[in-house]
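The values are calculated or read from the model by the stated rules, or taken from the named source; none is laboratory data. Computed from a prediction, not measured in an experiment: that's the story for all the values here. Every residue, glycine as well, gets a Cβ built from its backbone with ideal geometry; the counts of neighbours run over all protein chains shown. Areas reflect the complete protein model, heavy atoms only, side chains present, ligands, DNA and RNA absent. Shrake-Rupley method; radii C 1.70, N 1.55, O 1.52, S 1.80 Å.
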Amino acid sequence: MKKHSTLGEFIINNQKEFQGSSGELSRLLNAIRLAAKVVNHEVNKAGLVNILGAAGETNIQGEDQQKLDVYANEKFMQTLINREIVCGIASEEEDDFVIIKSNNEANKNKYIVLMDPLDGSSNIDVNVSVGTIFSIYERITPIGKPVTIEDFLQCGNKQVAAGYVVYGTSTMLVYTTGSGVNGFTLNPALGTYYLSHPKMKFPRKGNIYSINEANYIHFPQGVKDYLKYIQKEVEKGNQYTSRYIGSLVSDFHRNMIKGGIYIYPTSLKNPKGKLRLLYECNPMAFLAEQANGMATDGYQRILDIKPTELHQRVPFFCGSPSMVEKSDYFMQQYPEDADY
Ligand code: AHG
Ligand code: MN
Ligand code: MN
């Protein structure tokens, strides 16, 4: 596929590679592409909201301005529901999964979507990049019946596609359908995404580490040992640098391009970790592996964890393989259930 082809062309070309494909996945990816454009528009004008609000204005629909994560959730949900292309959705912003019914007949769609509609939302007020994460599976219960919790609690290794949108200095959509990772940049003037980052790969080694070090005192001993190891490497003259945006999508994106590791371990405050297995870790782990990277909870592959609940949290170690191997080595010097 040539560089600078559009995302639309790319999706159609990819569809031909799936034998006997009905085009359902392509339609679903197109819907995500569209919803991301709408959210992008809203994210970009976030800085204006207070200025407009100060004049006593309401928005164009006469509604009060909503919080952006609620807005993003609604836009993605509405787009997927209106287009009748999935049979179920689970979102970080919803307590339970949503069963999608069709208007006149039983819903014949086979895909479900899980998403974090707005990741890194604490960064919105300060003009720092945020993102959207999505994960797609085929349902396992029979088509035509309402989806059940079983459809959503599948292992990450069953994902059909996953991706993210990063609303950054430019807006990018990065996704995989299981044959590599490709990144598309939005041209806002035309509303078209162009293939700008074909076949994205984590460098095998990296020198960036991304972790909220303020929690150091509460980290498991394995993570403390890994951070000490990095400090000793620096002492020896090896280069490391710490970069932490606090927006998983942006930290992951940078680390994939430059080489690095992202860690969100357990801590006293978050005894199971903070990130959600289904909406954050599984899709990022699928992308990481498709880009020659690794993703574990310190002991096992994220994609092999059998989920037990929708909003389950897990520790997350993700990035350049030599760095994840090293941090896992330090973690595995201690039992997984050790009390700190
Ligand atoms: P969300 O905005 O969807 O709640 O996710 C925020 C996540 C992740 O994106 C980020 O890396 C992490 O939480 C930051 O947590 P800390 O502020 O605890 O470091
Ligand atoms: Mn998030
Ligand atoms: Mn979120």
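State whether the residues of the range 280-292 include one that is within 16 Å of ligand 1 (Cβ to nearest atom) and either farther than 26 Å from ASN182 by Cβ or surrounded by fewer than 23 Cβ atoms within 10 Å (Cβ to Cβ) (or both).
no
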Restricting to the range 41-74, and then to whatever is within 24 Å of VAL98 (Cα to Cα) and not β-branched (Val, Ile, Thr), can you tell me which residue is modelled with the lowest pLDDT?
GLN66
Subset of the range 306-325 that is more than 27 Å from ILE257 (Cβ to Cβ) and touching a Cys at 6+ places or on another chain (Cβ under 8 Å) - its residue that is least open to solvent (accessible area, probe 1.4 Å)
PRO307
Taking the range 204-229 only, how many residues are open to solvent by less than 40 Å² (accessible area, probe 1.4 Å), touching a Lys or Arg at 6+ places or on another chain (Cβ under 9 Å) and not small (Gly, Ala, Ser)?
4
Of all residues in the range 105-132 being closer than 19 Å to ILE81 by Cβ and aliphatic (A, V, I, L, M), the one that is nearest to ligand 1 (Cβ to nearest atom)
LEU118
Single residue of GLY183, GLY222, GLY206, GLY191 found to be in contact (Cβ under 8 Å) with a residue 40 or more places away in the chain and farther than 18 Å from ASP328 by Cβ
GLY191
State which residue is nearest to the chain's Cα centre (by Cα) when the search covers only the range 91-127 and only residues that are within 14 Å of ligand 2 (Cβ to nearest atom) and among the hydrophobic types (A, V, I, L, M, F, W, C).
MET115
Please go through the range 101-150 and give me each residue that is open to solvent by 70 Å² or more (accessible area, probe 1.4 Å) and of a type in the set (Val, Ile, Thr), ordered by number.
VAL126, ILE140, ILE143, ILE149
